[in-house]
Amino acid sequence: MSHRLHRKLDYSYIAATPQDGKRYELLDGKLFVNPSPNPIHQRVSRRLQRQLEDCFHSRSSVEVVNAPVDVILTPHDVFVPDLIVVGDPSHISRRGIEQPPLLVVEILSPSTKSIDRGAKSRRYAELAIQHYWIVDPEARRIDCFVLDAGEFKPRVSGQDGEMLAHPDWDGLVIDLAALWKSPRRRRPIASPQQPSPRTVLLTRSTGARPID
């Protein structure tokens with residue numbers, strides 16, 4: 001009986017992938033490809049990034065980075081988290097982020113929620129990422145985990161319009177209502193009133209002012 005050997009992929013494979021908007025990730029050498037995120041996903045990501053930056057801007061060594069940026073933790077583990085908080089600038093290279101970040105945030109999508117909560121969460125813990133947040137726009141919820149004895153344990157969570165204060169960082173309070181709210185719809189701009197054909201005719205023939 002013949003056995004097919006499954007070769008582990010490495011970063012060289014990721015470096016050669018097309019720039020097609022998809023996210024290519026390796027989890028212990030196994031390839032995962034996901035489509036581009038939807039607008040609601042990106043809206044939540046952008047708003048959370050702003051709040052994280054507001055908290056960490058006074059800490060000169062801390063940087064908040066948004067996707068798509070490769071997090072290269074081993075030759076066979078390459079991730080593209082939605083948001084990354086890097087605690088040491090020396091961990092950032094031309095290729096990506098090459099040491100475990102301080103915090104990784106994944107925003108759930110229909111195509112990613114099972115792996116984000118399962119295999120990816122376990123692998124992040126094995127690779128010594130200290131903090132992991134899962135953001136669920138559909139449930140309007142954030143769950144924050146911290147590494148403890150090699151696995152992630154719940155640290156704090158919040159839902160709907162709560163103010164989520166994280167106990168491990170002074171001043172880090174996330175306004176959850178600001179993440180979920182829908183943009184205001186602009187009122188349609190009224191088009192300028194057009195003069196009637198009779199008014200235009202009178203104006204051109206007599207030089208009189210337009211009749212209302």
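Values in this text are rule-based calculations from the coordinates and carry no lab data. Note that the structure is predicted; figures quoted are calculated from it, not measured. All Cβ positions, even for glycine, are placed from backbone atoms using ideal geometry, and neighbour counts span all protein chains on display.
HN-Hα J couplings of the stretch 82-95 from phi, Karplus 6.51/-1.76/1.60, θ = phi - 60°, integer Hz, Gly and Pro as x?
Per residue, the Karplus-derived 3J(HN,Hα) values read 5, 9, 9, 10, 9, x, 9, x, 5, 7, 9, 10, 5, 7 Hz.
Starting at the first residue of the stretch 123-137, write each ³J(HN,Hα) from the Karplus equation 6.51 cos²θ - 1.76 cosθ + 1.60 with θ = phi - 60°, in whole Hz, x for Gly and Pro.
6, 4, 5, 4, 9, 6, 6, 6, 10, 9, 10, 10, 10, 10, x
Can you list the lysines whose alpha carbon sits under 20 Å from that of K113, skipping same-chain ones fewer than 8 residues off?
K22, K30, K153
Sorted from largest down, give the three principal axis spans of the alpha carbons of the stretch 11-183, whole angstrom values.
Dimensions of the stretch 11-183 along the principal axes of its Cα atoms: 43, 31, 29 Å.
Run the simple label-point estimate for E151 and T17 please: 7 Å along Cα→C-beta, distance reported in nm.
Between E151 and T17, the label points sit 2.9 nm apart.
Using the Karplus equation 6.51 cos²θ - 1.76 cosθ + 1.60 (θ = phi - 60°), what ³J(HN,Hα) coupling, rounded to whole Hz, does each residue of the stretch 166-172 give in order, writing x for Gly and Pro?
Using θ = phi - 60°, the values come out as 8, x, 8, 9, 4, x, 8 Hz.
Taking H as built 1.01 Å from N, whose amide H comes closer than 5 Å to the amide H of I174, not counting residues under 5 places away?
L164, A165, H166
Would you pull out the residues with amide H under 5 Å of R155's amide H, same chain only if 5 or more places away, H placed 1.01 Å from N?
Those lying under 5 Å, H to H, from R155 are C144, F145, V146.
R0 = 45 Å: FRET efficiency of F32 with E162, Cβ-based, nearest 0.05? Walk me through the numbers before you get to the answer.
Values: r = 32 Å, r/R0 = 0.71.
Plugging the Cβ-Cβ distance into 1/(1 + (r/R0)^6) gives 0.90.
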